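The values are calculated or read from the model by the stated rules, or taken from the named source; none is laboratory data. Fair warning: this is a prediction, and the values are worked out from it, not measured in the lab. Neighbour counts are summed over all protein chains in view; Cβ atoms, including those assigned to glycine, are modelled from backbone coordinates with ideal geometry. Keep in mind that these areas ignore ligands, DNA and RNA; they rest on the heavy atoms of the full protein, side chains included. Shrake-Rupley method; radii C 1.70, N 1.55, O 1.52, S 1.80 Å.
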Amino acid sequence: MALVRQIMFGGMYLAYGYSRLVGWGPFGRSRPVYLHDPPPVVANALKTALHRQHVRQYHEASCSVASVATMLNAIRARNGAKRSPVTQLALLDKVRCGHWKERMRPEGHNGRRGLPLGLLGEIVAASLMAYGIRPEALDVVPAYAQPKKAAALKRRLRNRMRRFEDRGDCLILAHFNQGALVPALSIPHISPVGGYDPATDRVTLLDVDPDQPAPYSVTFERFYQALACQYLGLLRPLGYDRGGYVFVQLGAVNAH
């Protein structure tokens, strides 16, 4: 497994160097727009809480932990909870689904680190339950690049992001190729969606990577391409087939 990892990361560094050399993706016209100014205060309590509770991952493989902690604390703040925020390490100790804590270790669990999309969905469900939050719905959605499949998936995703903006009663955790959006390796990454502007068709990501200087916005099409990435099949031995997102539909406000 160690040799497989070395080969995979060697290929990723070559792809990163080539993209930088030819000005592709985040090195070209599709560069992200970093949002350094604090977000404006809005009536959407969940969106405001999500930005305020945004935390960065504590090591290179823990993007899932930071993303779920951000989500939980935003929901609890929206619900009016007065308790201290959930920390990333406390979250790992409390939610033992899917060998989550073991996957954060340097050696991983059976050599596997991080969370594939399906396992992320299971852990989001277990985390919500562990903290007494009962969503109305939870949907794990793989993203596909094929035009016939992608058209319907894009419509549903746009509608859900509009709902997040207009109603503030749902959340989206994106599972995407980070290197398709920012100058970074093309590896699976997880972060909350922090906004969507239908007028410009741009998506804001609250990236939990501490190397990213601020949240950033990208075009919806570029965002969807990052979700639908299959990494040329190179990561299938580690359980990663494609990206997508986890959609959480919240119920009525109920403080815990």
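Label sites at Arg156 and Val253, each approximated as a point 7 angstrom past Cα along Cα to Cβ, lie 3.0 nm apart. Here's the picture: charge each Lys and Arg Cβ at +1 and each Asp and Glu Cβ at -1 in the chain, and of Leu92, Ala151, Ala180 the one pushed furthest to the positive end of that dipole is Ala151. Taking the inverse of the mean 1/r over every pair of distinct Cα atoms in segment 53-194 gives a Kirkwood hydrodynamic radius of 16.1 Å. Computed 3J(HN,Hα) for segment 137-151, one whole-Hz value per residue from the Karplus formula 6.51 cos²θ - 1.76 cosθ + 1.60 where θ = phi - 60°, is 7, 9, 10, 9, 10, x, 9, 10, 8, 4, x, 5, 6, 5, 4, glycine and proline marked x.
Annotation for segment 177-212 versus segment 59-126: alpha-carbon center distance of 19 Å.
Normalised per residue, the accessible area of the chain is 48 Å², obtained with a 1.4 Å probe and no contribution from ligands, DNA or RNA.
Within a Cβ distance under 15 Å of Asp207, other residues only, what is the Lys/Arg minus Asp/Glu net charge? Local charge sum for Asp207: +1. A full extension of the chain between Asp197 and Val33 corresponds to an added length of 57.7 nm, given 0.36 nm per residue minus the alpha carbon distance. Exposure check, 1.4 Å probe, all protein chains in place: Lys101 carries approximately 70 Å² of accessible surface. Between Gly194 and Thr204, Leu205, Leu206, the built amide H atoms are under 5 Å apart, and every one of these is 5 or more places off in sequence or on another chain. Excluding same-chain neighbours fewer than eight residues apart, the lysines reachable from Lys154 by a Cα-Cα span under 30 Å are Lys47.
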